[in-house]
Amino acid sequence: MSGGHQEHPARVVGHGHDGHHGHTHADHGSLKSYTTGFILAVILTAIPFWLVMGKVIDKSSTTGLVLLGFAAVQIVVHMVYFLHMNTKSEGGWSMLALIFTIMLVFIMLSGSLWVMYHLNHNMMPGMMPDSTEVVPESMHDMPDTHGARSMEDVHNMHNMKMQ
């Protein structure tokens, strides 16, 4: 062939080149990396299961936070070992997209929890444990219905107070 065009020699698979312009075989996973990811995923599932079933931590809120921590670590394990995400893949754009997604999810979840907490606090003041219930003056004369089982019981209690 003339004209300065040369054919590239065949690339040898298994020597670090697989024909994808600089990507190595490790970018697509190996049996060792899949096994490592699987073992880590099993461990990161078994420990939270044991924490909950064995009631290892007394406070449920602390248990919830620990479980969320294990879940976050397991997400990272799945992304690294099974989705093969790293800072080098696709010129770093996949990592930037991941960071942007995490920020959006964090803002949406924290904002939603903040709004729900404040709505609950402002709309249901008697339901919050740290607030004192203020009973309007007009409700002091109403019958006590805490022990009533049905509307008929409430009606009977009302009639008894009226007599």
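Read-outs throughout are calculated quantities, based only on the coordinates presented, and are distinct from any laboratory measurement. For clarity, every value in this text was computed on a predicted model and none was experimentally measured. Please note: Cβ atoms are built from the backbone with ideal geometry, for glycine as well, and neighbour counts cover all protein chains shown.
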Exposure proxy ranking, count of Cβ atoms within 10 Å, fewest first, for Lys32, Lys88: Lys32, Lys88
Spin-label model distance (nm) - Ala46 vs Leu31, 7 Å beyond Cα toward Cβ: 2.2 nm
